[in-house]
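Just below is one structure, and these are the notes that go with it.
The values are calculated or read from the model by the stated rules, or taken from the named source; none is laboratory data. Bear in mind the structure is a predicted one, so any value in this text is a computation, not a measurement. Note that we place each Cβ from the backbone using ideal geometry, even for glycine, and neighbour counts take in every protein chain shown. Side chains are part of the model used for accessible areas, which takes the heavy atoms of the whole protein and leaves out ligands, DNA and RNA. Shrake-Rupley method; radii C 1.70, N 1.55, O 1.52, S 1.80 Å.
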Amino acid sequence: MRPIALAIHGGCGVMAKLDLSEDEWMAARADLARSLQAGWAVLTGGGSALDAVEAAVVVMEDSPHFNAGHGAALNAAGEHELDAAIMDGSTLAAGAVAAARRIRNPVKAARAVLESGEAVMLAGGAADAFARESGLAVVDPSYFTTERRLEALARMKARAAAGTTRLASEAEKRGTVGAVACDGAGRLAAATSTGGYTNKPVGRVGDSPIIGAGTYARDGICAVSGTGKGEYFIRHAVGHEVASRMAYLGESLTAAAAKVIHEDLAPYGIGAGLVAVAADGSVTAPYNTDGMFRGWVTAEGRFHVASHAEVFEVTEEFARP
Ligand code: ASP
């Protein structure tokens, strides 16, 4: 079997260290660990990279600690509009939903779109209806709302009124979840899911569901899932750009990803990060913010999670739900 690999992120909009209690940090890290375990179980069981990234993202969508699914950001109307995508690097098949309002696990709907083969992306009410028809769980939008997201929206509205939106912290603004994997057959896959950014315009679609921007996978090269101000990820086609640098310039995964995050996106002063895996099983997780929720598994099966610079190795006790 070739090397298997898995990396995840829970967004580069990490709270300032002091904003969360130690219990809350532990809970967020434990959910990252559970996400890794879900994806890793698929890979070690001989499953596909596609199934692994979906499984990993579902855990983070279900967690209130990340901006996707339960705990997603609220838009300017105080509503949730959810974006997600998944891509199979071996066939370049992809599926996405945009501005969905009722799908409990948007990444599952993205997968169903991929499997249906009739479209790459479904949006709005059509995405919700498709999920329902596909037998996926559909929920009242209040399911997605948490106290923290209500507070974040109130703060962003106050900032907008005071003209200080640009001073908002990354945590107030955004977050996303994503996973990338390489399976035993050498196949690559990526998946990303998000509520977008707090106080975003109604109908705004970010980079996460845009194939080649926030989500991209191509066997033999790399798989990428991004987090950060989506408009710039779309303009720079970040996922495809990382893959292109590797394919055309022969850059390593680490060099290509670092160039895009730390150089190409630097002039805009936006928060940005990504996780990526290469065909050789190497992983990278660059970010330019104070922190990025992230996790990865080494080739020997050791689990690591982190929010800021400090990296925690996951022990059984640590990962207890
Ligand atoms: N990329 C997401 C978006 O723009 C937000 C984020 O990752 O922080 O929708």
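On the stretch given as the range 274-306, residues that are free of Cβ contacts under 8 Å to residues at least 24 places away in the same chain and assigned to a loop (DSSP other than H, G, I, E, B) total 3. Quick check on my filter: what residues within the range 26-82 are on the phi > 0 side of the Ramachandran plot and more than 13 Å from the chain's Cα centre (by Cα)? Once the filter is applied, which keeps residues that are on the phi > 0 side of the Ramachandran plot and more than 13 Å from the chain's Cα centre (by Cα), the range 26-82 yields 46, 71, 78. Taking first residues from the range 210-234 that are outside any strand (DSSP E or B) and more than 12 Å from the ligand (Cβ to nearest atom) and partners that are aliphatic (A, V, I, L, M) and open to solvent by less than 10 Å² (accessible area, probe 1.4 Å), the Cβ contacts under 6 Å between residues at least 6 apart in sequence or on separate chains come to 219/188; 221/243. The residues on offer are 129, 137, 160, 185, and the sole one that is surrounded by fewer than 24 Cβ atoms within 10 Å (Cβ to Cβ), away from the ligand (no atom under 16 Å from the Cβ) and free of Cβ contacts under 8 Å to residues at least 12 places away in the same chain is 129. For residue 297, indicate whether it is at pLDDT 90 or above, of a type in the set (A, V, I, L, M, F, W, C), open to solvent by less than 30 Å² (accessible area, probe 1.4 Å) and within 22 Å of residue 236 (Cα to Cα). No, not satisfied.
Looking only at the range 82-102, residues that are under 16 Å from residue 68 (Cα atoms) and more than 16 Å from the ligand (Cβ to nearest atom) come to 1 in all.
Tell me, yes or no, whether the range 141-151 has at least one residue that is without any contact (Cβ under 8 Å) to a residue 60 or more places away in the chain, more than 25 Å from residue 56 (Cα to Cα) and open to solvent by less than 50 Å² (accessible area, probe 1.4 Å). No: the range 141-151 contains no residue that is without any contact (Cβ under 8 Å) to a residue 60 or more places away in the chain, more than 25 Å from residue 56 (Cα to Cα) and open to solvent by less than 50 Å² (accessible area, probe 1.4 Å). The residues on offer are 152, 179, and the sole one that is closer than 30 Å to residue 279 by Cα and either part of a strand (DSSP E or B) or within 14 Å of the ligand (Cβ to nearest atom) (or both) is 179. The sole residue among 284, 227 that is among the polar types (S, T, N, Q) and in contact with a Gly (Cβ under 7 Å, 6 or more places away or on another chain) is 227. Among the residues here, residue 122 qualifies as away from the ligand (no atom under 16 Å from the Cβ) and either crowded, with 22+ Cβ neighbours inside 10 Å or within 21 Å of the chain's Cα centre (by Cα) (or both).
Scanning the range 237-250 for residues that are open to solvent by less than 50 Å² (accessible area, probe 1.4 Å) and in contact with a helix residue (DSSP H, G or I) (Cβ under 6 Å, 6 or more places away or on another chain) yields 238, 242, 245, 246. Between 194, 198, the distinction of being at pLDDT below 95, within 15 Å of the ligand (Cβ to nearest atom) and open to solvent by less than 10 Å² (accessible area, probe 1.4 Å) belongs to 198 only.
Among all residues of the range 83-92, there is at least one that is over 14 Å from the mean Cα position of the chain (by Cα), open to solvent by less than 50 Å² (accessible area, probe 1.4 Å) and at pLDDT 95 or above. Only residues that are without any contact (Cβ under 8 Å) to a residue 12 or more places away in the chain and under 19 Å from residue 234 (Cα atoms) were counted across the range 245-273, and they come to 3. Of all the numbered requirements in (1) away from the ligand (no atom under 15 Å from the Cβ); (2) in a helix (DSSP H, G or I); (3) surrounded by fewer than 18 Cβ atoms within 10 Å (Cβ to Cβ); (4) under 20 Å from the mean Cα position of the chain (by Cα), residue 257 misses one, and that requirement is (3).
Just to be sure, is residue 206 in contact (Cβ under 8 Å) with a residue 24 or more places away in the chain and either at positive phi or near the ligand (Cβ under 10 Å from one of its atoms) (or both)? Yes. Residue 52 falls short of the stated requirement of being free of Cβ contacts under 8 Å to residues at least 40 places away in the same chain and away from the ligand (no atom under 16 Å from the Cβ). Evaluate the range 18-35: report whether one residue or more is open to solvent by less than 40 Å² (accessible area, probe 1.4 Å), aromatic (Phe, Trp, Tyr) and away from the ligand (no atom under 16 Å from the Cβ). Within the range 18-35, one or more residues are open to solvent by less than 40 Å² (accessible area, probe 1.4 Å), aromatic (Phe, Trp, Tyr) and away from the ligand (no atom under 16 Å from the Cβ).
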